[in-house]
Amino acid sequence: MFLCTPPPSNANSALYSRDVADDGYVANFTRLWAWRPDVFDAFFSLRNQLTEQAKFSIRERSILVCATAANVGDSYCALAWGTKLASASNPATAAAVLQRDEAAELTSRERALIVWAGQVVRAPNAITAEDVGRLRAAGFTDGEIFDATVLVAFRLAFSTVNDALGACPDYQLAAAAPAAVRDAVAYGRSVSEHPSQ
């Protein structure tokens, strides 16, 4: 990353310990967010509150995140969530979403989520009532439309901080991704050359 490593503290040590317990290493984005562990924890607490009450499956959430990452060019989230989407569907479908291509296996509801994520990322002020109407026609309630929009916005905020400050996808993250997912992510920051510790 472009910033120096933050000075040691109990708060950032707790972040690092959680990563090691969960994944076996400290992720590059965690080292970056260790500058403000309080903001990191508050951000994820609020995001978890949103996802716990939203009525989206892990597959739909993965589609939303992958479509957001593909439209903003964020390799970190694309690799992480592309792997989740590959598990919830298959690697070819995940790769298609990450490349902004058609994927035959997707439902009309899932296709609508992909279009919506792209609109929110690229030109939110160009969205019209007719665009929202297309989501309703695909079966989304107004509450689900709100939740989908906030999920995209939260991902944009997280990706923007990581990308702007040079957090590269972890070597281990890329190594764990299916080959089709790795090949699909030809944008954003390059994967770290060495395993994270």
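The values are calculated or read from the model by the stated rules, or taken from the named source; none is laboratory data. This structure is a prediction, so every number in the text was calculated from the model and none was measured. Neighbour counts run over all protein chains shown; Cβ positions are idealised from the backbone, glycine included.
Points to keep in mind about this one:
- The range 140-161, residues that are buried (at least 20 other Cβ atoms within 10 Å of the Cβ) and without any contact (Cβ under 8 Å) to a residue 24 or more places away in the chain: none
- Here Asp101 fulfils each of the conditions (1) modelled with pLDDT of 95 or more; (2) surrounded by fewer than 21 Cβ atoms within 10 Å (Cβ to Cβ); (3) acidic (Asp, Glu) apart from (1).
- For the range 162-177, the candidate set comprises residues that are surrounded by 18 or more Cβ atoms within 10 Å (Cβ to Cβ) and of a type outside the set (S, T, N, Q); within that set, the residue that is farthest from Val20 (Cα to Cα) is Asp163.
To keep it simple, each residue is scored yes or no on (1) among the charged types (D, E, K, R); (2) touching an Asp or Glu at 6+ places or on another chain (Cβ under 8 Å); (3) at pLDDT below 95.
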| position | (1), (2), (3) |
| --- | --- |
| Tyr16 | no, no, no |
| Ala21 | no, no, no |
| Val26 | no, yes, no |
| Phe29 | no, no, no |
| Trp33 | no, no, no |
| Arg36 | yes, no, no |
| Phe43 | no, no, yes |
| Leu46 | no, no, yes |
| Gln49 | no, no, yes |
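- Residues (part of a helix (DSSP H, G or I), small (Gly, Ala, Ser), out of contact with any Pro (no Cβ under 6 Å at 6 or more places or on another chain) and surrounded by 14 or more Cβ atoms within 10 Å (Cβ to Cβ)) located in the range 8-55: none
- Subset of the range 150-192 [under 20 Å from Arg31 (Cα atoms), part of a helix (DSSP H, G or I), under 16 Å from the mean Cα position of the chain (by Cα) and of a type outside the set (A, V, I, L, M, F, W, C)]: Arg155, Ser159, Thr160, Asn162, Asp163
- Enumeration of residues in the range 104-132 that are surrounded by fewer than 13 Cβ atoms within 10 Å (Cβ to Cβ) and touching a residue at least 12 places away in the same chain (Cβ under 8 Å): Glu105, Ser108, Arg122
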